[in-house]
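Structure first, then comments.
The values are calculated or read from the model by the stated rules, or taken from the named source; none is laboratory data. Please read all numbers here as calculations on a predicted model, not as lab measurements. Neighbour counts are summed over all protein chains in view; Cβ atoms, including those assigned to glycine, are modelled from backbone coordinates with ideal geometry.
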Amino acid sequence: MAVEWQESYKIGDASVDAMQEKLFELTNTFLASDDLTVLRPVIVSLCKQARAQFELEEALMRRVSFPGLEEHMAQHQTLLERLISRSMDVGKGYMNKPAIAALMQDWCERHVPEEDARLRQFLAASRSA
C-alpha cells in the first residue's frame, strides 16, 4: 500500500515541503520492494532524509515561534529513534519490513496531515496578520 503525497500537506515553506515530499517518495520506494538489496539503502536514505527534514522544519518553527515546538520536536525524535533502531536491525541482517512500513505509513498518514497541519495553519495566520 503506497502513501500518497497531497498538495494539502504543504505547510507553505518550499524547502520543508520539498523535503517532506521526498520522504513520501522514499517511503513508497521502501513499500514497493521486497528485495533486501534495495531495502537496505532505502532505509538508510529514509533515516537521513527524515533527520534533515526534521531539522529544517524545527528551525522554521523556532524562527516563527511556533507554540507547539517542543511537542512536535518530541514526535520527530520518537520517529527517528524508532527508524534508526529498525535500521540497526537491518545492519545486523534482520529485516522487519512490516514494522518499518507501519511506522512510515503512520507518519505519512497521521503526523503529516494532522500535526504538520497545525504548523501550516500557524504559518498562514502569521502571514495574514
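Under the condition of being touching a Leu at 6+ places or on another chain (Cβ under 7 Å) and either of a type in the set (Gly, Ala, Ser) or under 22 Å from Ala102 (Cα atoms) (or both), which residue from the range 10-26 is surrounded by the fewest Cβ atoms within 10 Å (Cβ to Cβ)? Can you show your working first?
So the first thing to find is which residues in the range 10-26 are touching a Leu at 6+ places or on another chain (Cβ under 7 Å), and the list is 11-13, 15-16, 19, 26.
Filter once more, so that each one left must be either of a type in the set (Gly, Ala, Ser) or under 22 Å from Ala102 (Cα atoms) (or both): 12, 15, 19, 26.
Values: Gly12: 15, Ser15: 12, Met19: 18, Leu26: 19.
Among residues in the range 10-26 that are touching a Leu at 6+ places or on another chain (Cβ under 7 Å) and either of a type in the set (Gly, Ala, Ser) or under 22 Å from Ala102 (Cα atoms) (or both), the one surrounded by the fewest Cβ atoms within 10 Å (Cβ to Cβ) is Ser15.
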The residue from Glu70, Glu81, Glu25, Glu58 that alone is at pLDDT below 95, acidic (Asp, Glu) and in a helix (DSSP H, G or I) is Glu81
Going residue by residue through the range 1-9, is there one that turns out to be surrounded by 15 or more Cβ atoms within 10 Å (Cβ to Cβ), at pLDDT 95 or above and part of a helix (DSSP H, G or I)? yes
Name the single residue, out of those in the range 36-55 being within 17 Å of the chain's Cα centre (by Cα) and among the β-branched types (Val, Ile, Thr), that is surrounded by the most Cβ atoms within 10 Å (Cβ to Cβ). Ile43
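With Glu21, Glu58, Glu25 as the choices, which residue is closer than 20 Å to Ser87 by Cα and free of Cβ contacts under 8 Å to residues at least 60 places away in the same chain?
Residue meeting the stated conditions: Glu25.
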For Ile100, only one of the following conditions fails: (1) over 22 Å from Val3 (Cα atoms); (2) assigned to a helix (DSSP H, G or I); (3) among the hydrophobic types (A, V, I, L, M, F, W, C). What is its number? (1)
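Looking only at the range 10-22, which residues are of a type in the set (Asp, Glu) and assigned to a helix (DSSP H, G or I)? Break it down stepwise before answering.
So the first thing to find is which residues in the range 10-22 are of a type in the set (Asp, Glu), and the list is 13, 17, 21.
Scanning the range 10-22 gives Asp17, Glu21.
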